[in-house]
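The values are calculated or read from the model by the stated rules, or taken from the named source; none is laboratory data. What you see is a predicted model; the values in this text were computed from it and never measured. All Cβ positions, even for glycine, are placed from backbone atoms using ideal geometry, and neighbour counts span all protein chains on display.
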Amino acid sequence: MILLLRAEWMRFIRHRPNLIILALALLLLLAAAVSSGLEAARQRREAAEKTAHWEGRLEALAMKLPARSEGESAAAARATFDFARNEAPPALRPALGGLALGVRQFAALPSDVRVSVDSRHLDGRKSDVISNPLLHSVGMPDFSVVVALLVPLVVIGLGYGLVQEARENGTWRLVCTQSPAPWKVPVASCIVRFMAVFAMVFIASLVAFGLDPGASLTAFLCWTLVSGVFCLIWFLVVALSCGLRISAAASALGLLAIWLFTTFAVPPVLSALAEAAEPMPSRLDAMIKVRKAQLDAEAQEEGLLKAWYAGNPEHRPASIGKHAWPVSFMPRYEKQDSVIVPLMAEFDRKRARQASFIERFAWLSPGLAIVMTGDRLAGADAQRYARYAEAVDRFEARWCEFFVPRIMSYRGLSREDLVDLPKFESIEAESVLGVMPLMASAFGIALVLLYLASRARRLVATP
(Lines give C-alpha, C1' and ligand atoms only; values in the text may rest on other atoms or scores of the structure.)
Protein backbone atom coordinates (compact mmCIF):
# COMPACT_ATOMS: atom_id res chain seq x y z
CA MET A 1 0.00 0.00 0.00
CA ILE A 2 2.92 2.35 0.69
CA LEU A 3 4.22 1.91 -2.86
CA LEU A 4 0.74 2.50 -4.22
CA LEU A 5 0.39 5.69 -2.19
CA ARG A 6 3.75 6.90 -3.44
CA ALA A 7 2.77 6.19 -7.04
CA GLU A 8 -0.58 7.96 -6.63
CA TRP A 9 1.17 10.94 -5.06
CA MET A 10 3.53 11.25 -8.02
CA ARG A 11 0.61 10.96 -10.42
CA PHE A 12 -1.32 13.57 -8.45
CA ILE A 13 1.37 16.25 -8.35
CA ARG A 14 2.33 15.73 -11.99
CA HIS A 15 -1.22 16.50 -13.08
CA ARG A 16 -1.13 20.28 -13.40
CA PRO A 17 -4.92 20.92 -13.06
CA ASN A 18 -4.76 19.34 -9.58
CA LEU A 19 -2.10 21.82 -8.49
CA ILE A 20 -4.00 24.74 -10.01
CA ILE A 21 -7.19 23.78 -8.14
CA LEU A 22 -5.28 23.45 -4.85
CA ALA A 23 -3.43 26.73 -5.36
CA LEU A 24 -6.57 28.72 -6.12
CA ALA A 25 -8.45 27.15 -3.21
CA LEU A 26 -5.54 27.83 -0.86
CA LEU A 27 -5.46 31.49 -1.92
CA LEU A 28 -9.18 31.88 -1.22
CA LEU A 29 -8.86 30.15 2.16
CA LEU A 30 -5.86 32.28 3.08
CA ALA A 31 -7.76 35.45 2.12
CA ALA A 32 -10.66 34.41 4.35
CA ALA A 33 -8.27 33.41 7.14
CA VAL A 34 -6.43 36.74 7.07
CA SER A 35 -9.68 38.70 6.95
CA SER A 36 -11.25 36.75 9.82
CA GLY A 37 -8.08 36.72 11.92
CA LEU A 38 -7.55 40.47 11.63
CA GLU A 39 -11.22 41.16 12.33
CA ALA A 40 -11.08 38.95 15.44
CA ALA A 41 -8.01 40.85 16.67
CA ARG A 42 -9.77 44.17 16.05
CA GLN A 43 -12.87 43.10 17.97
CA ARG A 44 -10.81 41.92 20.95
CA ARG A 45 -8.83 45.16 20.92
CA GLU A 46 -11.99 47.26 20.84
CA ALA A 47 -13.48 45.29 23.73
CA ALA A 48 -10.36 45.92 25.82
CA GLU A 49 -10.42 49.61 24.87
CA LYS A 50 -14.07 49.93 25.92
CA THR A 51 -13.27 48.53 29.35
CA ALA A 52 -10.21 50.77 29.73
CA HIS A 53 -12.17 53.82 28.56
CA TRP A 54 -14.94 53.16 31.09
CA GLU A 55 -12.45 52.70 33.93
CA GLY A 56 -10.74 55.98 33.05
CA ARG A 57 -14.07 57.78 32.77
CA LEU A 58 -15.17 56.37 36.13
CA GLU A 59 -12.08 57.80 37.79
CA ALA A 60 -12.81 61.22 36.29
CA LEU A 61 -16.48 61.09 37.35
CA ALA A 62 -15.54 59.99 40.87
CA MET A 63 -13.58 63.20 41.37
CA LYS A 64 -16.73 65.22 40.64
CA LEU A 65 -18.83 63.39 43.21
CA PRO A 66 -19.02 64.50 46.84
CA ALA A 67 -16.97 62.44 49.26
CA ARG A 68 -20.10 61.62 51.27
CA SER A 69 -23.83 62.13 50.93
CA GLU A 70 -24.73 65.79 51.44
CA GLY A 71 -28.39 65.28 52.27
CA GLU A 72 -31.57 65.22 50.22
CA SER A 73 -31.89 67.31 47.07
CA ALA A 74 -33.58 67.09 43.68
CA ALA A 75 -30.24 67.91 42.02
CA ALA A 76 -28.60 64.90 43.70
CA ALA A 77 -31.40 62.60 42.53
CA ARG A 78 -31.15 63.93 38.95
CA ALA A 79 -27.36 63.61 38.89
CA THR A 80 -27.57 60.02 40.19
CA PHE A 81 -30.20 59.16 37.58
CA ASP A 82 -27.99 60.54 34.80
CA PHE A 83 -25.03 58.53 36.14
CA ALA A 84 -27.07 55.32 36.37
CA ARG A 85 -28.53 55.78 32.87
CA ASN A 86 -25.37 56.81 31.01
CA GLU A 87 -22.31 55.54 32.89
CA ALA A 88 -22.89 51.82 33.30
CA PRO A 89 -19.89 49.63 32.46
CA PRO A 90 -20.14 47.74 29.17
CA ALA A 91 -21.54 44.27 29.80
CA LEU A 92 -19.15 42.57 27.38
CA ARG A 93 -20.00 39.23 25.82
CA PRO A 94 -16.72 37.29 25.99
CA ALA A 95 -15.49 35.78 22.76
CA LEU A 96 -14.02 32.29 22.86
CA GLY A 97 -10.74 31.00 21.50
CA GLY A 98 -12.16 30.32 18.04
CA LEU A 99 -13.46 33.82 17.35
CA ALA A 100 -11.77 33.87 13.94
CA LEU A 101 -14.09 31.06 12.81
CA GLY A 102 -17.28 33.09 13.29
CA VAL A 103 -16.20 36.66 13.81
CA ARG A 104 -18.97 38.24 11.75
CA GLN A 105 -21.65 36.03 13.26
CA PHE A 106 -20.36 37.08 16.68
CA ALA A 107 -20.69 40.74 15.73
CA ALA A 108 -24.22 40.28 14.36
CA LEU A 109 -25.72 40.56 17.86
CA PRO A 110 -24.88 43.18 20.52
CA SER A 111 -21.84 42.21 22.58
CA ASP A 112 -21.44 45.31 24.80
CA VAL A 113 -24.90 46.03 26.20
CA ARG A 114 -25.18 49.08 28.48
CA VAL A 115 -27.67 48.56 31.29
CA SER A 116 -29.74 51.40 32.71
CA VAL A 117 -32.30 52.32 35.33
CA ASP A 118 -34.84 53.26 32.68
CA SER A 119 -36.41 50.91 30.13
CA ARG A 120 -33.39 49.75 28.14
CA HIS A 121 -35.49 47.83 25.60
CA LEU A 122 -37.50 50.94 24.74
CA ASP A 123 -35.03 53.80 25.04
CA GLY A 124 -33.38 53.75 21.62
CA ARG A 125 -30.45 51.50 20.68
CA LYS A 126 -27.69 52.45 23.05
CA SER A 127 -25.48 49.47 22.28
CA ASP A 128 -26.00 48.99 18.56
CA VAL A 129 -23.59 50.30 15.94
CA ILE A 130 -25.09 52.24 13.05
CA SER A 131 -23.97 50.61 9.80
CA ASN A 132 -25.10 49.92 6.26
CA PRO A 133 -26.61 46.40 6.18
CA LEU A 134 -26.16 46.20 2.40
CA LEU A 135 -22.38 46.23 2.84
CA HIS A 136 -22.44 43.06 4.96
CA SER A 137 -23.43 40.99 1.92
CA VAL A 138 -20.37 42.04 -0.08
CA GLY A 139 -17.83 41.46 2.70
CA MET A 140 -15.71 38.36 3.20
CA PRO A 141 -17.73 35.58 4.88
CA ASP A 142 -16.57 33.94 8.09
CA PHE A 143 -13.68 31.53 7.73
CA SER A 144 -15.87 28.55 8.69
CA VAL A 145 -18.38 29.53 5.98
CA VAL A 146 -15.66 29.66 3.33
CA VAL A 147 -14.42 26.21 4.40
CA ALA A 148 -17.96 24.82 4.31
CA LEU A 149 -18.58 26.12 0.76
CA LEU A 150 -15.16 25.71 -0.83
CA VAL A 151 -13.78 22.41 0.47
CA PRO A 152 -16.54 20.17 -0.99
CA LEU A 153 -16.05 21.78 -4.41
CA VAL A 154 -12.31 21.17 -4.21
CA VAL A 155 -12.88 17.55 -3.17
CA ILE A 156 -15.30 17.01 -6.05
CA GLY A 157 -12.96 18.69 -8.53
CA LEU A 158 -10.01 16.54 -7.47
CA GLY A 159 -11.78 13.23 -6.93
CA TYR A 160 -14.73 12.77 -9.25
CA GLY A 161 -14.61 9.97 -11.84
CA LEU A 162 -11.45 8.28 -10.50
CA VAL A 163 -12.75 4.87 -11.65
CA GLN A 164 -15.17 6.04 -14.34
CA GLU A 165 -12.43 7.75 -16.38
CA ALA A 166 -10.29 4.63 -16.18
CA ARG A 167 -13.23 2.56 -17.40
CA GLU A 168 -13.86 4.98 -20.27
CA ASN A 169 -10.26 4.93 -21.53
CA GLY A 170 -9.97 1.14 -21.07
CA THR A 171 -7.25 1.07 -18.39
CA TRP A 172 -9.46 -0.12 -15.55
CA ARG A 173 -9.81 -3.57 -17.13
CA LEU A 174 -6.02 -3.91 -16.96
CA VAL A 175 -5.99 -2.83 -13.32
CA CYS A 176 -8.62 -5.46 -12.46
CA THR A 177 -6.73 -8.26 -14.22
CA GLN A 178 -3.32 -7.35 -12.77
CA SER A 179 -4.26 -6.53 -9.18
CA PRO A 180 -5.86 -8.87 -6.62
CA ALA A 181 -7.48 -5.84 -4.91
CA PRO A 182 -8.33 -3.19 -7.55
CA TRP A 183 -10.27 -1.14 -4.98
CA LYS A 184 -6.97 -0.14 -3.37
CA VAL A 185 -6.19 2.12 -6.33
CA PRO A 186 -9.10 4.60 -5.83
CA VAL A 187 -8.62 4.31 -2.06
CA ALA A 188 -4.98 5.37 -2.43
CA SER A 189 -6.03 8.20 -4.75
CA CYS A 190 -8.59 9.43 -2.20
CA ILE A 191 -6.06 9.22 0.65
CA VAL A 192 -3.51 11.28 -1.29
CA ARG A 193 -6.11 13.89 -2.18
CA PHE A 194 -7.47 13.94 1.36
CA MET A 195 -4.01 14.68 2.71
CA ALA A 196 -3.56 17.52 0.20
CA VAL A 197 -6.95 19.13 0.93
CA PHE A 198 -6.65 18.73 4.70
CA ALA A 199 -3.16 20.24 4.63
CA MET A 200 -4.59 23.22 2.75
CA VAL A 201 -7.33 23.71 5.40
CA PHE A 202 -4.82 23.19 8.20
CA ILE A 203 -2.45 25.86 6.86
CA ALA A 204 -5.26 28.38 6.43
CA SER A 205 -6.56 27.59 9.93
CA LEU A 206 -3.09 28.21 11.36
CA VAL A 207 -3.10 31.64 9.76
CA ALA A 208 -6.59 32.51 11.04
CA PHE A 209 -5.84 31.41 14.60
CA GLY A 210 -2.34 32.89 14.50
CA LEU A 211 -3.65 36.38 13.70
CA ASP A 212 -6.14 36.25 16.59
CA PRO A 213 -4.32 37.15 19.84
CA GLY A 214 -7.08 35.53 21.90
CA ALA A 215 -7.07 32.20 20.08
CA SER A 216 -6.75 29.08 22.20
CA LEU A 217 -5.11 25.73 21.58
CA THR A 218 -8.29 23.93 22.65
CA ALA A 219 -10.38 25.67 20.02
CA PHE A 220 -7.72 25.07 17.36
CA LEU A 221 -7.51 21.35 18.13
CA CYS A 222 -11.30 20.98 18.08
CA TRP A 223 -11.51 22.83 14.78
CA THR A 224 -8.68 20.77 13.28
CA LEU A 225 -10.43 17.55 14.26
CA VAL A 226 -13.84 18.65 12.98
CA SER A 227 -12.48 20.08 9.72
CA GLY A 228 -10.55 16.85 9.15
CA VAL A 229 -13.71 14.80 9.61
CA PHE A 230 -15.53 17.22 7.29
CA CYS A 231 -12.95 16.61 4.56
CA LEU A 232 -13.11 12.85 5.21
CA ILE A 233 -16.90 12.80 4.84
CA TRP A 234 -16.73 14.36 1.40
CA PHE A 235 -13.95 12.06 0.26
CA LEU A 236 -16.00 9.08 1.43
CA VAL A 237 -18.90 10.39 -0.66
CA VAL A 238 -16.51 10.61 -3.64
CA ALA A 239 -15.25 7.08 -2.92
CA LEU A 240 -18.82 5.76 -2.89
CA SER A 241 -19.44 7.37 -6.29
CA CYS A 242 -16.53 5.37 -7.73
CA GLY A 243 -18.62 2.18 -7.52
CA LEU A 244 -21.40 3.52 -9.70
CA ARG A 245 -21.56 2.34 -13.32
CA ILE A 246 -21.93 5.83 -14.76
CA SER A 247 -19.76 8.18 -16.78
CA ALA A 248 -17.26 10.58 -15.21
CA ALA A 249 -19.41 13.56 -16.24
CA ALA A 250 -22.47 11.99 -14.61
CA SER A 251 -20.42 11.33 -11.47
CA ALA A 252 -19.40 15.00 -11.31
CA LEU A 253 -22.99 16.17 -11.80
CA GLY A 254 -24.23 13.75 -9.14
CA LEU A 255 -21.65 14.93 -6.61
CA LEU A 256 -22.48 18.56 -7.34
CA ALA A 257 -26.16 17.75 -6.87
CA ILE A 258 -25.37 16.21 -3.47
CA TRP A 259 -23.38 19.32 -2.52
CA LEU A 260 -26.16 21.64 -3.62
CA PHE A 261 -28.82 19.62 -1.82
CA THR A 262 -26.96 19.27 1.49
CA THR A 263 -25.66 22.85 1.45
CA PHE A 264 -28.67 24.83 0.25
CA ALA A 265 -31.73 22.59 0.62
CA VAL A 266 -31.26 20.76 3.92
CA PRO A 267 -30.61 23.87 6.12
CA PRO A 268 -33.90 25.60 5.18
CA VAL A 269 -35.78 22.36 5.81
CA LEU A 270 -34.15 21.97 9.24
CA SER A 271 -34.91 25.61 9.98
CA ALA A 272 -38.58 25.12 9.07
CA LEU A 273 -38.79 22.00 11.25
CA ALA A 274 -37.15 23.88 14.13
CA GLU A 275 -39.64 26.71 13.72
CA ALA A 276 -42.50 24.21 13.81
CA ALA A 277 -41.09 22.45 16.89
CA GLU A 278 -40.23 25.67 18.76
CA PRO A 279 -42.31 28.50 17.23
CA MET A 280 -41.10 32.00 17.94
CA PRO A 281 -43.44 34.28 19.89
CA SER A 282 -45.55 36.60 17.80
CA ARG A 283 -43.74 39.89 17.30
CA LEU A 284 -47.05 41.67 16.79
CA ASP A 285 -48.37 40.22 20.05
CA ALA A 286 -45.16 41.25 21.81
CA MET A 287 -45.47 44.82 20.47
CA ILE A 288 -49.06 44.98 21.69
CA LYS A 289 -48.07 43.76 25.16
CA VAL A 290 -45.18 46.24 25.30
CA ARG A 291 -47.44 49.11 24.37
CA LYS A 292 -50.06 47.97 26.90
CA ALA A 293 -47.37 47.80 29.62
CA GLN A 294 -46.34 51.37 28.78
CA LEU A 295 -49.92 52.67 28.91
CA ASP A 296 -50.73 50.79 32.12
CA ALA A 297 -47.59 52.06 33.85
CA GLU A 298 -48.31 55.60 32.68
CA ALA A 299 -51.89 55.44 33.94
CA GLN A 300 -50.78 54.02 37.29
CA GLU A 301 -47.79 56.32 37.74
CA GLU A 302 -49.04 58.06 40.89
CA GLY A 303 -50.25 54.84 42.49
CA LEU A 304 -47.00 53.04 41.70
CA LEU A 305 -45.02 55.87 43.29
CA LYS A 306 -47.06 55.68 46.50
CA ALA A 307 -46.81 51.89 46.55
CA TRP A 308 -43.04 52.04 46.16
CA TYR A 309 -42.60 54.36 49.14
CA ALA A 310 -45.09 52.28 51.15
CA GLY A 311 -42.97 49.21 50.50
CA ASN A 312 -39.68 51.05 51.12
CA PRO A 313 -40.35 53.48 53.96
CA GLU A 314 -36.65 53.72 54.84
CA HIS A 315 -36.05 55.51 51.52
CA ARG A 316 -38.89 58.03 51.85
CA PRO A 317 -37.42 61.58 51.73
CA ALA A 318 -38.17 63.75 54.73
CA SER A 319 -37.74 67.18 53.16
CA ILE A 320 -39.38 66.73 49.75
CA GLY A 321 -43.13 66.47 49.30
CA LYS A 322 -43.84 66.72 45.53
CA HIS A 323 -42.00 64.28 43.29
CA ALA A 324 -41.13 65.03 39.67
CA TRP A 325 -39.15 63.30 36.94
CA PRO A 326 -36.96 61.25 37.24
CA VAL A 327 -38.06 60.11 40.71
CA SER A 328 -41.71 59.83 39.69
CA PHE A 329 -40.73 57.63 36.74
CA MET A 330 -38.67 55.02 38.64
CA PRO A 331 -41.62 52.83 39.77
CA ARG A 332 -43.08 53.24 36.31
CA TYR A 333 -39.90 51.87 34.72
CA GLU A 334 -39.93 48.94 37.13
CA LYS A 335 -43.53 48.15 36.24
CA GLN A 336 -42.79 48.27 32.50
CA ASP A 337 -39.70 46.09 32.77
CA SER A 338 -41.55 43.46 34.80
CA VAL A 339 -43.52 42.79 31.60
CA ILE A 340 -41.07 43.73 28.86
CA VAL A 341 -37.91 41.91 30.06
CA PRO A 342 -39.57 38.43 30.14
CA LEU A 343 -41.04 39.11 26.69
CA MET A 344 -37.64 39.92 25.20
CA ALA A 345 -35.96 37.00 26.99
CA GLU A 346 -38.46 34.56 25.49
CA PHE A 347 -37.24 35.42 21.97
CA ASP A 348 -33.66 34.55 22.95
CA ARG A 349 -34.74 31.31 24.63
CA LYS A 350 -36.78 30.23 21.62
CA ARG A 351 -33.90 31.05 19.29
CA ALA A 352 -31.58 28.93 21.44
CA ARG A 353 -34.02 26.01 21.42
CA GLN A 354 -34.34 26.19 17.65
CA ALA A 355 -30.55 26.15 17.32
CA SER A 356 -30.36 23.10 19.61
CA PHE A 357 -32.98 21.35 17.47
CA ILE A 358 -31.01 22.07 14.29
CA GLU A 359 -27.76 20.88 15.88
CA ARG A 360 -29.27 17.44 16.53
CA PHE A 361 -29.66 16.92 12.78
CA ALA A 362 -26.94 19.26 11.53
CA TRP A 363 -24.73 16.59 9.98
CA LEU A 364 -27.43 15.86 7.43
CA SER A 365 -25.80 18.98 5.99
CA PRO A 366 -22.05 18.77 6.68
CA GLY A 367 -21.60 22.39 5.61
CA LEU A 368 -24.19 23.61 8.11
CA ALA A 369 -22.65 21.47 10.84
CA ILE A 370 -19.14 22.80 10.41
CA VAL A 371 -20.44 26.39 10.38
CA MET A 372 -22.36 25.75 13.61
CA THR A 373 -19.22 24.20 15.08
CA GLY A 374 -17.29 27.33 14.17
CA ASP A 375 -19.96 29.48 15.84
CA ARG A 376 -19.73 27.33 18.97
CA LEU A 377 -15.95 27.67 19.12
CA ALA A 378 -16.23 31.42 18.55
CA GLY A 379 -18.90 31.87 21.23
CA ALA A 380 -21.37 33.14 18.64
CA ASP A 381 -23.99 30.39 18.98
CA ALA A 382 -27.58 31.17 19.94
CA GLN A 383 -27.43 29.16 23.18
CA ARG A 384 -24.49 31.13 24.51
CA TYR A 385 -26.08 34.43 23.51
CA ALA A 386 -29.24 33.48 25.44
CA ARG A 387 -27.11 32.86 28.54
CA TYR A 388 -25.38 36.19 27.96
CA ALA A 389 -28.73 38.00 27.70
CA GLU A 390 -29.82 36.40 30.99
CA ALA A 391 -26.57 37.53 32.63
CA VAL A 392 -27.17 41.09 31.37
CA ASP A 393 -30.70 41.06 32.81
CA ARG A 394 -29.34 39.90 36.19
CA PHE A 395 -26.69 42.62 36.09
CA GLU A 396 -29.29 45.25 35.24
CA ALA A 397 -31.43 44.10 38.17
CA ARG A 398 -28.46 44.56 40.54
CA TRP A 399 -27.68 47.93 38.92
CA CYS A 400 -31.23 49.11 39.58
CA GLU A 401 -31.19 47.76 43.14
CA PHE A 402 -28.07 49.84 43.76
CA PHE A 403 -29.20 53.13 42.20
CA VAL A 404 -32.98 53.30 42.52
CA PRO A 405 -32.99 53.68 46.34
CA ARG A 406 -30.41 56.50 46.06
CA ILE A 407 -32.58 58.24 43.48
CA MET A 408 -35.86 57.73 45.31
CA SER A 409 -34.40 58.91 48.63
CA TYR A 410 -32.85 62.01 46.98
CA ARG A 411 -29.57 61.20 48.76
CA GLY A 412 -27.72 60.80 45.50
CA LEU A 413 -24.41 59.10 44.86
CA SER A 414 -21.20 59.77 46.76
CA ARG A 415 -17.60 58.83 46.06
CA GLU A 416 -17.53 56.23 48.80
CA ASP A 417 -20.54 54.48 47.20
CA LEU A 418 -18.49 53.61 44.12
CA VAL A 419 -16.68 50.91 46.07
CA ASP A 420 -19.88 48.85 46.00
CA LEU A 421 -20.73 49.60 42.37
CA PRO A 422 -22.17 46.41 40.77
CA LYS A 423 -19.95 44.60 38.28
CA PHE A 424 -20.99 42.44 35.36
CA GLU A 425 -20.47 38.75 36.03
CA SER A 426 -19.44 37.18 32.76
CA ILE A 427 -20.83 33.88 31.54
CA GLU A 428 -18.89 30.63 31.71
CA ALA A 429 -15.40 30.28 30.29
CA GLU A 430 -14.43 28.28 27.22
CA SER A 431 -15.39 24.62 27.19
CA VAL A 432 -15.35 21.86 24.57
CA LEU A 433 -18.59 20.40 25.95
CA GLY A 434 -20.64 22.62 23.67
CA VAL A 435 -19.13 21.15 20.50
CA MET A 436 -19.10 17.53 21.68
CA PRO A 437 -22.56 16.67 20.25
CA LEU A 438 -21.60 18.11 16.86
CA MET A 439 -18.26 16.27 16.92
CA ALA A 440 -19.97 13.01 17.89
CA SER A 441 -22.44 13.42 15.01
CA ALA A 442 -19.55 14.05 12.63
CA PHE A 443 -17.80 10.86 13.66
CA GLY A 444 -21.08 8.96 13.39
CA ILE A 445 -21.71 10.11 9.81
CA ALA A 446 -18.09 9.36 8.86
CA LEU A 447 -18.32 5.83 10.31
CA VAL A 448 -21.55 5.13 8.42
CA LEU A 449 -20.03 6.34 5.15
CA LEU A 450 -16.86 4.36 5.84
CA TYR A 451 -18.90 1.21 6.34
CA LEU A 452 -20.84 1.80 3.11
CA ALA A 453 -17.61 2.47 1.23
CA SER A 454 -16.09 -0.78 2.52
CA ARG A 455 -19.16 -2.70 1.37
CA ALA A 456 -19.02 -1.03 -2.05
CA ARG A 457 -15.44 -2.04 -2.81
CA ARG A 458 -16.68 -5.11 -4.70
CA LEU A 459 -18.50 -2.83 -7.14
CA VAL A 460 -15.24 -1.01 -7.83
CA ALA A 461 -13.43 -4.30 -8.59
CA THR A 462 -15.58 -4.98 -11.67
CA PRO A 463 -14.16 -3.88 -15.07
Evaluation of P94 against (1) crowded, with 21+ Cβ neighbours inside 10 Å; (2) modelled with pLDDT of 85 or more; (3) in a loop (DSSP other than H, G, I, E, B); (4) not polar (S, T, N, Q) (one fails), failing number: (1)
Single condition S69 does not satisfy, out of (1) among the polar types (S, T, N, Q); (2) out of contact with any Gly (no Cβ under 8 Å at 6 or more places or on another chain); (3) at pLDDT below 85: (2)
May I ask you to verify whether F230 is under 22 Å from the mean Cα position of the chain (by Cα) and free of Cβ contacts under 8 Å to residues at least 12 places away in the same chain? no
Would you check which residues across region 12-44 are basic (K, R), free of Cβ contacts under 8 Å to residues at least 60 places away in the same chain and in a helix (DSSP H, G or I) and list them? R16, R42
So, in region 365-424, of the ones that are farther than 26 Å from A62 by Cα and basic (K, R), which residue ends up surrounded by the most Cβ atoms within 10 Å (Cβ to Cβ)? R376
Conditions (1) buried (at least 18 other Cβ atoms within 10 Å of the Cβ); (2) in contact with a Lys or Arg (Cβ under 7 Å, 6 or more places away or on another chain): number failed by P213: (1)
Within region 121-145, track down each residue that is in a loop (DSSP other than H, G, I, E, B) and either of a type in the set (V, I, T) or modelled with pLDDT of 80 or more (or both). V129, I130, P141, D142
Picking from R394, R376, R458, which residue would you name as being at pLDDT 90 or above, out of contact with any Pro (no Cβ under 7 Å at 6 or more places or on another chain) and farther than 15 Å from A95 by Cα? R394
Counting only helices (runs of 4 or more DSSP H) wholly inside region 146-213, the ones holding at least 1 residues that are within 27 Å of L368 (Cβ to Cβ) and in contact with a His (Cβ under 6 Å, 6 or more places away or on another chain) are none
Can you tell me how many residues in region 228-261 are of a type in the set (A, V, I, L, M, F, W, C), surrounded by fewer than 17 Cβ atoms within 10 Å (Cβ to Cβ) and not in a helix (DSSP H, G or I)? 2
Collect the residues in region 104-119 that are among the hydrophobic types (A, V, I, L, M, F, W, C) and in a loop (DSSP other than H, G, I, E, B), keeping them in residue-number order. A108, L109, V115, V117
Select from region 250-267 the residues that are under 21 Å from L162 (Cα atoms) and either of a type in the set (K, R) or in contact with a Pro (Cβ under 8 Å, 6 or more places away or on another chain) (or both) and list them in ascending order. W259
Can you pull out the residues in region 262-299 that are of a type in the set (S, T, N, Q), exposed (fewer than 11 other Cβ atoms within 10 Å of the Cβ) and part of a helix (DSSP H, G or I)? none
